[in-house]
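Inspection log for the structure reproduced underneath, given as structure tokens.
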Amino acid sequence: MKKTAILLNPSAGSGRAIKHKERFRQLLKLHEIEYELFISQSEDDLRELAKEKSTNYPIVVAAGGDGTFSIVAHELIRNNAQTLLGLVNLGTRGDISRDFGTNTIERLCEALKAQRYREVDAVALYGDGKCPRYFLGVASLGLETAID
């Protein structure tokens, strides 16, 4: 199995995501998944981690909420990364990871172990003449908190 970079956003789920760190480690070890864990310090740090780790790891897992997934996906697509993106919900809603079947740490570990993946579409949103913003989960476009 290939080594996986886990990018954990400790702010996800109103700061509750960091409490899952030890359980995450236990399950990754149980499933014999070779990994390195990186805990982001800010949104900018998460962007930089996604960009940097996508060049060194064949699989990057975004561990957080829908916002975390959107940030990491955006960076991977924007930088034309040739890596797989995994998602696990440690946030509040988890709409995107639920759609992909990795809404729990257990389900993510099972998918990683089985090397189960699928291609998905991403949406590019253009505005203000800036570079596009990419999103997974077309229905919410990353705006779920504004809608809630």
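The values are calculated or read from the model by the stated rules, or taken from the named source; none is laboratory data. No experiment lies behind these values; they were computed from the predicted model shown. Cβ placement follows ideal geometry from the backbone for every residue including glycine, while neighbour counts extend to all protein chains displayed. For accessibility, only protein heavy atoms count, side chains too; no ligands or nucleic acids. Shrake-Rupley method; radii C 1.70, N 1.55, O 1.52, S 1.80 Å.
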Problem - Subset of the stretch 109-146 [part of a helix (DSSP H, G or I), of a type outside the set (S, T, N, Q) and at pLDDT below 75] - result: Glu144, Ala146
Practice task
Just need a number here: residues in the stretch 1-25 that are modelled with pLDDT of 95 or more and open to solvent by 100 Å² or more (accessible area, probe 1.4 Å).
Solution key: 0
Completion exercise
Those residues of the stretch 86-111 which are open to solvent by 20 Å² or more (accessible area, probe 1.4 Å), in contact (Cβ under 8 Å) with a residue 24 or more places away in the chain and out of contact with any helix residue (DSSP H, G or I) (no Cβ under 7 Å at 6 or more places or on another chain) amount to Thr92, Asp99, Glu110
Problem - Condition met for Ala50 (closer than 21 Å to Glu22 by Cβ, open to solvent by less than 10 Å² (accessible area, probe 1.4 Å) and either part of a strand (DSSP E or B) or touching a strand residue (DSSP E or B) at 6+ places or on another chain (Cβ under 9 Å) (or both)) - result: no
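Rundown of residues vs (1) out of contact with any helix residue (DSSP H, G or I) (no Cβ under 6 Å at 6 or more places or on another chain); (2) closer than 16 Å to Lys3 by Cβ; (3) free of Cβ contacts under 8 Å to residues at least 60 places away in the same chain, yes/no style:
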| residue | (1), (2), (3) |
| --- | --- |
| His20 | yes, no, no |
| Thr55 | yes, yes, yes |
| Gly67 | yes, no, no |
| Pro132 | yes, no, yes |
Problem - Any hit, the stretch 78-85, residues being part of a helix (DSSP H, G or I) and either touching a residue at least 40 places away in the same chain (Cβ under 8 Å) or open to solvent by 40 Å² or more (accessible area, probe 1.4 Å) (or both) - result: yes
Fill in the blank from the handout: Counting only residues in the stretch 58-77 that are farther than 12 Å from Glu43 by Cα and over 10 Å from the mean Cα position of the chain (by Cα), the one surrounded by the fewest Cβ atoms within 10 Å (Cβ to Cβ) is identified as Pro58
